1. Consider Asn114 carefully, then state whether it is surrounded by 15 or more Cβ atoms within 10 Å (Cβ to Cβ) and assigned to a loop (DSSP other than H, G, I, E, B).
2. Output yes when any residue across segment 11-30 is surrounded by fewer than 21 Cβ atoms within 10 Å (Cβ to Cβ), within 16 Å of Thr128 (Cα to Cα) and either of a type in the set (Gly, Ala, Ser) or under 14 Å from the mean Cα position of the chain (by Cα) (or both), and no when none is.
3. Consider Gly141 carefully, then state whether it is modelled with pLDDT under 95, of a type outside the set (Lys, Arg) and outside any loop (DSSP other than H, G, I, E, B).
4. Let me confirm something: among Ala14, Ala84, Ala80, Ala101, which residue is in contact (Cβ under 8 Å) with a residue 12 or more places away in the chain, out of contact with any Pro (no Cβ under 7 Å at 6 or more places or on another chain) and of a type in the set (Gly, Ala, Ser)?
5. Which of the following residues is more than 21 Å from Glu116 (Cα to Cα) and of a type in the set (Ser, Thr, Tyr): Thr8, Thr31, Thr89, Thr39?
6. Wholly within segment 37-101, which helices (runs of 4 or more DSSP H) include no fewer than the required count, namely at least 2 residues that are at positive phi, loosely packed, with under 12 Cβ neighbours inside 10 Å and at pLDDT 95 or above?
Amino acid sequence: MIFLDSDTLSYFLAENRKIVHRVKETIEDGTILAISSVTAYEILKGLQYRGNKKKAARFQSLLEYVEVIPFSIDVVPIAAGIYAELRKTGITIGDADILIASTVIANNGVLVTNNERHYQNIQSISLTNWSKVQEPDHEPGNAVPAEDNHKPVNQIDGDTGKDAGPE
């Protein structure tokens with residue numbers, strides 16, 4: 001399962017060509033694409049604050065293709081462990097990053113992020129950066145089939161193929 005971090009979603013919503021291509025490619029190859037409920041919150045709070053209806057509609061369209069994985073009570077011990085281990089070594093990161101990381105770990109996922117420094121000290125998290133990496137990050141033969149989508153991937157609203165980054 002491939003999880004998109006908030007920064008990667010921001011690149012997608014800004015129509016960054018490389019990120020849009022990787023998202024579509026991942027969906028088309030049958031790999032489950034996911035976001036944590038914390039990531040959904042981070043994206044929606046920013047879009048609502050800015051009143052960006054176009055990006056909000058694009059985000060809602062993307063949600064038809066991704067699974068939103070909730071932060072659950074089963075993930076709490078993982079999150080608490082991450083916090084404790086980092087704190088013992090004098091490292092602090094935001095709670096949202098800890099909640100996202102623990103959700104990814106609990107689901108044996110890979111987190112796609114450009115904010116690798118936020119997660120680099122967390123044991124057992126798998127990270128990749130689609131802004132840098134050119135080759136696929138997972139073996140196609142090991143992909144987990146996604147549920148059938150009800151509209152073609154190339155119809156994700158707002159795809160102009162621009163090379164943009166987050167606002």
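The values are calculated or read from the model by the stated rules, or taken from the named source; none is laboratory data. Predicted model only: the values in this text are computed from it and were never measured. Every residue, glycine among them, receives a Cβ derived from its backbone with ideal geometry; neighbour counts consider all protein chains shown.
1. Numbers: surrounded by 15 or more Cβ atoms within 10 Å (Cβ to Cβ): yes; assigned to a loop (DSSP other than H, G, I, E, B): yes.
In short, yes.
2. Looking for residues that are surrounded by fewer than 21 Cβ atoms within 10 Å (Cβ to Cβ), within 16 Å of Thr128 (Cα to Cα) and either of a type in the set (Gly, Ala, Ser) or under 14 Å from the mean Cα position of the chain (by Cα) (or both), one finds none in segment 11-30, hence no.
3. Numbers: modelled with pLDDT under 95: yes; of a type outside the set (Lys, Arg): yes; outside any loop (DSSP other than H, G, I, E, B): yes.
Answer is yes for this residue.
4. Numbers: Ala14 fails: out of contact with any Pro (no Cβ under 7 Å at 6 or more places or on another chain); Ala84 fails: in contact (Cβ under 8 Å) with a residue 12 or more places away in the chain; Ala80 fails: in contact (Cβ under 8 Å) with a residue 12 or more places away in the chain.
Every option except Ala101 fails the conditions.
5. Values: Thr8 fails: more than 21 Å from Glu116 (Cα to Cα); Thr89 fails: more than 21 Å from Glu116 (Cα to Cα); Thr39 fails: more than 21 Å from Glu116 (Cα to Cα).
From the options Thr8, Thr31, Thr89, Thr39, the qualifying one is Thr31.
6. On the way: elements: 37-50, 53-62, 76-88.
Qualifying helices (runs of 4 or more DSSP H): none found.
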